[in-house]
Amino acid sequence: MTVSNSTEITAIAGGGWAGLATAVKLSAHGQKVLLLEASGQLGGRARSVPVNNKRLDNGQHILLGAYRGFLDMLEILGLMESDIVYRKKLDLCIHSLHGSGIKICAAALPGPFHLFVGVITARGLNITDKTGIIRFWLHLLKTGFTLESDMCVADYLGKHRQSKRVTNTFWGPLCIAALNTTPAMASARIFLNVLRKSFTGSRHNSDMLLPRVGLGDMLPAPASRYIRQRGGQVNTNERVLEIIMDGEILSGIKTSCQDYSVSNLVLATPCRQTGKLLMPLPGLKDITERLGQLKQEAIITLYMQFPETIRIENDMAGIYDGLTQWLIDRRTCGQPGLIAAVISTNGPHLDMNRDELEKTIISETRQLFPEWPEPESTFLLREKQATFSCTCGSDRLRPRCESVGNGIWLAGDYIDTGLPSTLESAIQSGLQCADRILQKSVGNQTIRG
Ligand SMILES: Cc1cc2nc3c(=O)[nH]c(=O)nc-3n(C[C@H](O)[C@H](O)[C@H](O)COP(=O)(O)OP(=O)(O)OC[C@H]3O[C@@H](n4cnc5c(N)ncnc54)[C@H](O)[C@@H]3O)c2cc1C
């Protein structure tokens with residue numbers, strides 16, 4: 001494909017899951033796309049990284065049965081869900097390092113009874129805790145999971161008289177897992193959105209989808225093949241440096257390799273880079289300022305290789321009173337004996353050095369599983385800007401999925417999809433962005449016709 005002087009091309013800056021979803025949907029509708037990724041590989045914050053002859057995911061990515069955008073993408077790409085993810089019903093075991101933990105398992109009943117029975121039969125919660133959760137749940141069902149004005153999750157749970165134990169052992173870990181933001185700061189409105197999507201409707205909405213393949217093979221590799229097969233171009237190691245305007249109309253882009261004339265540009269870059277690219281353009285001060293105000297949260301992963309016989313019952317174990325929050329068995333992803341320890345959100349642990357972090361995580365792991373040997377090897381990954389901080393009121397800072405100028409569009413997990421910073425938000429923003437471009441293109445053809 002000769003792209004340099006064509007005017008009928010949509011350029012997409014950013015080969016993360018948002019950019020890939022946009023490019024796949026446009027390609028599926030016969031549009032020519034040029035996907036430009038600044039780094040050497042596709043996937044963005046959900047990618048596989050080579051480590052000592054192995055490929056490790058840069059972080060543990062767990063999806064939910066309610067993630068329609070992801071499942072639609074698999075369908076467009078002709079992939080079988082069961083080849084890509086391992087679906088299991090909600091079954092949470094959250095331990096304590098010092099006392100007793102809880103176990104909640106969704107029942108095989110239609111929703112919401114699957115959850116009610118799950119709570120009633122939960123282990124580690126007393127009758128007051130259980131009736132408190134069910135009373136709260138009935139309130140959410142009655143009010144449609146909506147909130148007039150946003151508040152932090154901790155205050156919202158307090159307002160609905162959730163006991164300290166239920167908050168610490170159940171809602172807290174759920175909030176951090178879903179929003180990567182502590183309950184003291186997290187937006188109750190976005191948390192309720194996640195609860196509504198995953199715990200209402202079909203009971204399969206609350207299923208957990210664990211990757212069966214490395215992140216690079218889940219979406220980036222099949223998506224890139226799909227785009228190329230339909231005449232699109234996918235370039236890595238090519239950074240978009242500047243947007244070229246002709247008056248108020250987009251005319252092209254300057255990249256680290258060359259200049260292109262393009263008819264549409266989708267910025268599927270993380271919010272800060274998007275702000276920087278938009279900054280020189282007139283009339284976008286408000287949006288660039290808002291993007292600059294979205295704060296970032298970290299996620300740390302310590303991979304520990306044990307003998308292949310080591311396994312975690314139910315594939316994952318939570319810890320609510322340690323530094324380590326989750327231990328995830330990578331067996332489902334074809335890596336037996338490999339355990340990933342996860343610490344989400346910002347906190348004092350970001351100042352700990354590698355040795356301190358490793359020692360603490362390994363010691364907590366041994367407290368939980370005293371029969372396990374020392375790990376044979378370890379590998380630490382720190383993602384300092386893993387997600388945007390889903391704080392109370394952050395939805396006011398998130399732009400809608402619409403054109404920000406003639407021919408310039410935005411996609412990314414930070415778009416106001418109502419979801420936290422997740423793969424699903426990234427995919428949904430990409431699919432919506434492609435729909436808007438297709439609508440515009442149909443409109444233009446109708447006018448020309
Ligand atoms: C450790 C970790 C664990 C996570 N766990 C989960 C989870 O369990 N479940 C879940 O749903 N989500 C999880 N997430 C969040 C999820 O990965 C992100 O929400 C999602 O990947 C964001 O996708 P995106 O396409 O919006 O942005 P990105 O993935 O950031 O993609 C943007 C791309 O743009 C590229 N780029 C930047 N500037 C330019 C430029 N000028 N020109 C060209 N390219 C450029 C970047 O290199 C990048 O590849 C996790 C994230 C991390 C890091």
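Of everything in the range 367-381, what is within 17 Å of Ile328 (Cβ to Cβ) and either modelled with pLDDT under 95 or not hydroxyl-bearing (Ser, Thr, Tyr) (or both)? Give them in sequence order.
Passing the criteria: Leu368, Phe369, Trp372, Pro375, Phe379, Leu380, Leu381.
Would you mention how many residues in the range 274-290 are away from the ligand (no atom under 15 Å from the Cβ) and among the small types (Gly, Ala, Ser)? Break it down into steps so the answer makes sense when it comes.
Going through the range 274-290, the residues away from the ligand (no atom under 15 Å from the Cβ) turn out to be 282-287, 289-290.
From what's left, among the small types (Gly, Ala, Ser): 283.
Total meeting the criteria: 1.
Please find, among Cys271, Cys333, the residue that is away from the ligand (no atom under 11 Å from the Cβ), in contact with a strand residue (DSSP E or B) (Cβ under 7 Å, 6 or more places away or on another chain) and under 24 Å from Ala18 (Cα atoms). Show your work before the answer.
Working: Cys271 fails: away from the ligand (no atom under 11 Å from the Cβ).
Answer to the check: Cys333.
Answer with yes or no whether Gly407 is touching a Leu at 6+ places or on another chain (Cβ under 6 Å) and more than 15 Å from the ligand (Cβ to nearest atom). Walk me through it before giving the result.
Working: touching a Leu at 6+ places or on another chain (Cβ under 6 Å): yes; more than 15 Å from the ligand (Cβ to nearest atom): yes.
Considered against the rule, which asks whether it is touching a Leu at 6+ places or on another chain (Cβ under 6 Å) and more than 15 Å from the ligand (Cβ to nearest atom), Gly407 comes out as yes.
Taking the range 303-329 on its own, how many of its residues are in contact with an Asp or Glu (Cβ under 6 Å, 6 or more places away or on another chain) and aliphatic (A, V, I, L, M)? Don't jump to the end; show me each part of the working.
So the first thing to find is which residues in the range 303-329 are in contact with an Asp or Glu (Cβ under 6 Å, 6 or more places away or on another chain), and the list is 305, 311-312, 314-315, 322, 324, 329.
Retained after the next criterion (residues that are aliphatic (A, V, I, L, M)): 312.
Looking only at that region, the number is 1.
Name, by its number, the condition in (1) within 16 Å of the ligand (Cβ to nearest atom); (2) within 30 Å of Leu397 (Cα to Cα) that does not hold for Gln162.
The one condition Gln162 does not meet is (1).
Given Gly40, Gly111, Gly65, Gly99, which one is under 30 Å from Leu241 (Cβ atoms) and small (Gly, Ala, Ser)? If you could, list the steps in order and put the result at the bottom.
On the way: Gly111 fails: under 30 Å from Leu241 (Cβ atoms); Gly65 fails: under 30 Å from Leu241 (Cβ atoms); Gly99 fails: under 30 Å from Leu241 (Cβ atoms).
Step by step, each of Gly40, Gly111, Gly65, Gly99 is checked, and only Gly40 is under 30 Å from Leu241 (Cβ atoms) and small (Gly, Ala, Ser).
Of all strands (runs of 3 or more DSSP E) completely enclosed by the range 296-406, which ones contain at least 3 residues that are in contact with a Ser or Thr (Cβ under 7 Å, 6 or more places away or on another chain)?
Working: elements: 296-305, 316-319, 326-329, 338-344, 377-388.
Answer list for the range 296-406: 296-305, 338-344, 377-388.
Which one is farthest from the chain's Cα centre (by Cα) among residues in the range 417-436 that are part of a loop (DSSP other than H, G, I, E, B) and near the ligand (Cβ under 10 Å from one of its atoms)? Walk me through how you get there before you give the answer.
Taking the range 417-436 and keeping what is part of a loop (DSSP other than H, G, I, E, B), we get 417-422.
Still in the running and near the ligand (Cβ under 10 Å from one of its atoms): 419-422.
Details: Leu419: 9, Pro420: 7, Ser421: 5, Thr422: 2 Å.
Applying the filter and picking the extreme gives Leu419.
Being charged (D, E, K, R), touching a Gly at 6+ places or on another chain (Cβ under 9 Å) and more than 22 Å from Ile312 (Cα to Cα) is the requirement here; does Arg161 meet it? Even if it seems obvious, please write down each step before you answer.
On the way: charged (D, E, K, R): yes; touching a Gly at 6+ places or on another chain (Cβ under 9 Å): yes; more than 22 Å from Ile312 (Cα to Cα): yes.
Judged against the criteria, Arg161 is a match.
Check the range 362-378 and report whether any residue there is within 16 Å of the ligand (Cβ to nearest atom), in the same structural domain as Ile300 (by TED's automatic domain parsing) and of a type in the set (A, V, I, L, M, F, W, C). Explain how you work it out, then say what you get.
First, the residues of the range 362-378 that are within 16 Å of the ligand (Cβ to nearest atom): none.
Looking through the range 362-378, none of the residues is within 16 Å of the ligand (Cβ to nearest atom), in the same structural domain as Ile300 (by TED's automatic domain parsing) and of a type in the set (A, V, I, L, M, F, W, C).
Go through (1) assigned to a loop (DSSP other than H, G, I, E, B); (2) modelled with pLDDT of 95 or more; (3) more than 12 Å from the ligand (Cβ to nearest atom) for Tyr414 and report which single condition fails.
Failing condition for Tyr414: (3).
So Ala434 ticks every box in (1) touching a residue at least 40 places away in the same chain (Cβ under 8 Å); (2) touching a strand residue (DSSP E or B) at 6+ places or on another chain (Cβ under 7 Å) but one. Which box is left unticked?
The failed condition is (2).
I need the full set of residues from the range 166-187 which are in contact (Cβ under 8 Å) with a residue 40 or more places away in the chain, in a helix (DSSP H, G or I) and more than 16 Å from the ligand (Cβ to nearest atom), in order please.
Val166, Asn168, Thr169, Phe170, Gly172
Restricted to the range 291-322, and to residues that are out of contact with any strand residue (DSSP E or B) (no Cβ under 6 Å at 6 or more places or on another chain) and within 16 Å of the ligand (Cβ to nearest atom), which residue is nearest to Leu410 (Cα to Cα)?
Leu291
Are there any pairs, at least 6 apart or on different chains, whose C-beta atoms fall under 7 Å, with the first in the range 402-418 and more than 17 Å from Gln428 (Cβ to Cβ) and assigned by TED's automatic domain parsing to the domain that holds Leu281 and the second away from the ligand (no atom under 16 Å from the Cβ) and of a type in the set (S, T, N, Q), and if so, which?
The qualifying pairs are Gly407/Ser263.
Going by the conditions given, is Met352 closer than 26 Å to Gly44 by Cα, within 16 Å of the ligand (Cβ to nearest atom), free of Cβ contacts under 8 Å to residues at least 12 places away in the same chain and surrounded by 13 or more Cβ atoms within 10 Å (Cβ to Cβ)? Please lay out each step first, then the result.
Working: closer than 26 Å to Gly44 by Cα: yes; within 16 Å of the ligand (Cβ to nearest atom): no; free of Cβ contacts under 8 Å to residues at least 12 places away in the same chain: yes; surrounded by 13 or more Cβ atoms within 10 Å (Cβ to Cβ): yes.
Considered against the rule, which asks whether it is closer than 26 Å to Gly44 by Cα, within 16 Å of the ligand (Cβ to nearest atom), free of Cβ contacts under 8 Å to residues at least 12 places away in the same chain and surrounded by 13 or more Cβ atoms within 10 Å (Cβ to Cβ), Met352 comes out as no.
Go through the range 114-165 and give me each residue that's hydroxyl-bearing (Ser, Thr, Tyr) and not in a helix (DSSP H, G or I). Steps first, answer last, please.
Here is the first cut: in the range 114-165, the residues hydroxyl-bearing (Ser, Thr, Tyr) are 121, 128, 131, 143, 146, 149, 156, 163.
Thr121, Thr146, Ser149, Ser163 - these are the residues of the range 114-165 that are hydroxyl-bearing (Ser, Thr, Tyr) and not in a helix (DSSP H, G or I).
The values are calculated or read from the model by the stated rules, or taken from the named source; none is laboratory data. None of the values given here were measured: they were computed from a predicted structure. When we count neighbours, we look across all protein chains shown, and the Cβ atoms used for this are built from the backbone with ideal geometry, even at glycine.
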